[in-house]
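Enquirer: Take a look at the following structure, please.
The values are calculated or read from the model by the stated rules, or taken from the named source; none is laboratory data. Remember, predicted model here, so these are calculated numbers, not experimental data. No Cβ is skipped: glycine too gets one built from the backbone with ideal geometry, and neighbour counts run over all protein chains shown. Remember, those area values only see protein heavy atoms, side chains included, never the ligands or the DNA or RNA. Shrake-Rupley method; radii C 1.70, N 1.55, O 1.52, S 1.80 Å.
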Amino acid sequence: WLAVDSVVLRWLRYVRRVTAVYAQGHYRFRPSRLKTAPEEFRVLGQAIEDMASAVRVRDAHLRSSLAEKTALVREIHHRIKNSLQVVVSLLSLYGSGIGKSEDRRRFDQLRLRVNTLALVHRILYEANDGSQVHLRELLGELASLIEGSTDASVRITVEAQDAPLPTDMAVPLALMVVEVVLNLGLPP
């Protein structure tokens, strides 16, 4: 039993500890004690070390790809925001010739909707991880936008939790809020 423990079980326990270290994400660990192990355990240890190295390389590649994709998504949000700001500017220039009428009200509503989209994309661009925005921040900025776009003296108070909101929900929520406000009959 002592011989089996010395030759086999001791090395199996060591290999188990090495794999546990790798399982915790410590891929740079090198099992140096295996140099004195029997040939079969050295080969096994080398195979495990090679797998850990491959996982480390793949992990680094995935992190790099994720960082690149995050940067690209941020750039897309930035470009969309800038394009929408150009559209808002063109709408403002064109709208200056429209007098006080139903057409003017519709035109201002259109400008508010486009501004809402630009606002959401600005918030998405500024989001740290790009996968979520803060509900309170979004509604607060939206309230400020609506207050600034109305002719009447309107004060909007936001009482919301600072809950994370997935990015795919931000645009529909913002547009829904604007539609609710416009349907209340507030003049934009």
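Enquirer: Regarding segment 1-90, what are the three Cα extents along the principal axes, ordered largest first, in Å?
Expert: Result for segment 1-90: principal-axis Cα extents of 87, 17, 14 Å.
Enquirer: Ok, one more. With a length cut of 30 Å (Cα positions projected on each helix's long axis) and a Kyte-Doolittle mean of at least -1.0, go through the chain and give me the DSSP H helices that pass.
Expert: Working: long enough: 39-95 (83 Å, 0.03); 102-126 (36 Å, -0.67).
Helix filter hits for the chain: 39-95, 102-126.
Enquirer: Once the whole set of protein chains is in place, how much accessible area is left on residue 147, using a 1.4 Å probe, in Å² to the nearest 10?
Expert: 50
Enquirer: Just reorder 76, 146, 98 by solvent-accessible area, largest first, 1.4 Å probe, all chains present. Walk me through the numbers before you get to the answer.
Expert: Working: 76 95, 146 5, 98 45 Å².
Largest to smallest exposure gives the sequence 76, 98, 146.
Enquirer: Would you mind working out the magnitude of the charge dipole of segment 1-137 relative to its Cα centre, with +1 at each Lys and Arg C-beta and -1 at each Asp and Glu C-beta, to the nearest 20 Debye?
Expert: On the way: 24 positive and 14 negative charges, 46 e Å.
For this selection, approximately 220 debye.
Enquirer: Could you tell me which residue out of 138, 11, 96 lies farthest along the dipole of the chain toward its positive end? Charges go on the beta carbon: Lys and Arg +1, Asp and Glu -1, centred on the Cα centre.
Expert: Of the listed residues, the answer is 11.
Enquirer: I would also like to ask the following. Is it possible to state the helix-based mean residue ellipticity at 222 nm for the chain, with each DSSP H run of 4+ residues giving -39500 (n - 2.57), the sum divided by total residues, to the nearest 500 deg cm²/dmol? What is it? Please list the in-between numbers first.
Expert: Working: 5 runs with 128 residues, N = 188.
Computed mean residue ellipticity for the chain: -24000 deg cm²/dmol.
Enquirer: Once R0 is set to 45 Å, what does the formula 1/(1 + (r/R0)^6) return for the Cβ-Cβ distance between residue 43 and residue 93, expressed as a FRET efficiency to the nearest 0.05? Numbers along the way, then the final one.
Expert: Numbers: r = 75 Å, r/R0 = 1.67.
According to the calculation, E is roughly 0.05.
Enquirer: Given a 1.4 angstrom probe, what's the average accessible area per residue across the chain, in square angstrom? Spell out each step's value before the answer.
Expert: Details: 12250 Å² over 188 residues.
For the chain, the per-residue accessible area is 65 Å².
Enquirer: Hey, any idea what % of the chain's accessible area is carbon plus sulfur with a 1.4 Å probe?
Expert: Working: 7180 of 12250 Å².
So the carbon and sulfur contribution to the accessible surface is 59 percent.
Enquirer: Sorted by accessible area with a 1.4 angstrom probe, largest first, how do 113, 105 fall?
Expert: Values: 113 70, 105 95 Å².
The residues order as 105, 113, largest area first.
Enquirer: In segment 48-90, how does Rg compare with the Kirkwood Rh, expressed as the Rg/Rh ratio over alpha carbon atoms? Walk me through the intermediate numbers first.
Expert: On the way: Rg = 18.6 Å, Rh = 12.8 Å.
We get a ratio of 1.46 for segment 48-90.
Enquirer: Write down the Å³ per residue value for the convex hull defined by the alpha carbon atoms of the chain. Numbers along the way, then the final one.
Expert: On the way: hull volume 25.9 nm³, N = 188.
With only Cα atoms used, the chain gives 138 Å³ per residue.
Enquirer: Still on this structure: So how much accessible area does residue 176 have, in Å² to the nearest 10, using a 1.4 Å probe?
Expert: Spelled out: residue 176, probe radius 1.4 Å, area about 110 Å².
Enquirer: Check which residues have an amide H placed less than 5 Å from residue 133's amide H, if you skip close sequence neighbours.
Expert: 165, 167
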